[in-house]
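Peer 1: Sharing a structure here in structure tokens format.
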Ligand code: UDP
């Protein structure tokens, strides 16, 4: 294969990393994966144990990265993304986003590699504009429990811009809520919480009144978008929103999950809304549609069924 690339993925054993590496290996690329297992498990590596095109390095991107050989592309996915996980050690999250980003960009500059940065819809904070376009500057609390993630990702985008201005080919994807196989069942996010609770006949925990909204993208759609973005010919800094534009309230999501498990005796229970929890979130994906001819294809029901299958299997192991 003459267009085989050498690709580095940071955060390779995480949820999106695992799905991405599977896709890139299936396309015949060589992948070097980095992780420090902060929010993932070493066991994940067993999936790739027989892959001759996969190499793993245990490393923390907060430290300068030394990688031998050529690298064509770098996907920077390293950072916990679940609110309870990234809030556990806020300084770790902030440093991973900021120092990690700088180290990744330095490596890209040294190797002449392209970089795709996994940014986030959290750069819009609790948005005052709806749906969110990339031109919106956001509404972020700089001194709240989510700031370590939100401001870290915002500063990372600024790092990307300044290295782009120095000649590094950087692309910034703002990823909206994503779900699917290889999410850790206990990672604390809403889709995994609801599925795990429904499987265990526990009541589904609705934070606040459940009227807040999110737009859920199935991971296969997201991975397709990330790869298209990385391989777009020519410069395209973005930022580009990647997400599913169909919006649901959290109560609607709970109904969908319960409908998939009619034998479950779970009901709903209400808990306080976490501080600074965004009230609404929906991506405007016109830019990604126009530039990449990309849009999600998997609906919430189909995606939830696949996620449920995976979580059932994980919980039975
Ligand atoms: N949420 C909920 N119950 C849960 C977990 C989350 O009602 O068990 C809500 C949470 O308050 C938020 C939405 O679901 O409004 C999405 O939360 P998640 O942690 O998945 O991601 P976020 O989009 O907030 O980063």
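Peer 1: If I filter segment 180-189 down to residues being modelled with pLDDT of 95 or more, within 12 Å of the ligand (Cβ to nearest atom) and under 14 Å from the mean Cα position of the chain (by Cα), which single residue comes out as farthest from residue 274 (Cα to Cα)?
Peer 2: 183
Peer 1: Same structure, new question: Is it the case, given these coordinates, that residue 109 is surrounded by fewer than 16 Cβ atoms within 10 Å (Cβ to Cβ), more than 14 Å from residue 174 (Cβ to Cβ) and touching a helix residue (DSSP H, G or I) at 6+ places or on another chain (Cβ under 8 Å)? Full working, then the answer.
Peer 2: Working: surrounded by fewer than 16 Cβ atoms within 10 Å (Cβ to Cβ): yes; more than 14 Å from residue 174 (Cβ to Cβ): yes; touching a helix residue (DSSP H, G or I) at 6+ places or on another chain (Cβ under 8 Å): yes.
Considered against the rule, which asks whether it is surrounded by fewer than 16 Cβ atoms within 10 Å (Cβ to Cβ), more than 14 Å from residue 174 (Cβ to Cβ) and touching a helix residue (DSSP H, G or I) at 6+ places or on another chain (Cβ under 8 Å), residue 109 comes out as yes.
Condition check ((1) out of contact with any strand residue (DSSP E or B) (no Cβ under 7 Å at 6 or more places or on another chain); (2) without any contact (Cβ under 8 Å) to a residue 60 or more places away in the chain; (3) more than 12 Å from the ligand (Cβ to nearest atom)) across all residues:
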| site | (1), (2), (3) |
| --- | --- |
| 238 | no, no, yes |
| 241 | no, no, yes |
| 251 | no, yes, no |
| 261 | yes, no, yes |
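Peer 1: From the list 176, 194, exactly one residue is at pLDDT 95 or above, within 14 Å of the ligand (Cβ to nearest atom), under 21 Å from residue 133 (Cα atoms) and buried (at least 18 other Cβ atoms within 10 Å of the Cβ). Which is it?
Peer 2: On the way: 194 fails: under 21 Å from residue 133 (Cα atoms).
Matching residue, one of 176, 194: 176.
Peer 1: Looking at segment 15-29 only, could you name the residues that are out of contact with any helix residue (DSSP H, G or I) (no Cβ under 7 Å at 6 or more places or on another chain) and either surrounded by fewer than 20 Cβ atoms within 10 Å (Cβ to Cβ) or assigned to a loop (DSSP other than H, G, I, E, B) (or both)?
Peer 2: 22, 25, 26, 27, 28, 29
Peer 1: Among the candidates 270, 248, which residue alone is on the phi < 0 side of the Ramachandran plot, over 21 Å from the mean Cα position of the chain (by Cα) and assigned to a strand (DSSP E or B)?
Peer 2: Details: 248 fails: over 21 Å from the mean Cα position of the chain (by Cα).
None of the others qualify; the one that does is 270.
Peer 1: If you don't mind, another one. Has segment 283-302 got any residue that is within 14 Å of the ligand (Cβ to nearest atom), closer than 28 Å to residue 117 by Cβ and without any contact (Cβ under 8 Å) to a residue 60 or more places away in the chain?
Peer 2: The answer is no; no qualifying residue exists.
The values are calculated or read from the model by the stated rules, or taken from the named source; none is laboratory data. Worth saying up front: this structure is predicted, and the values here are computed from it rather than measured. So basically every Cβ, Gly included, is an ideal-geometry build from the backbone, and we count neighbours across all protein chains shown.
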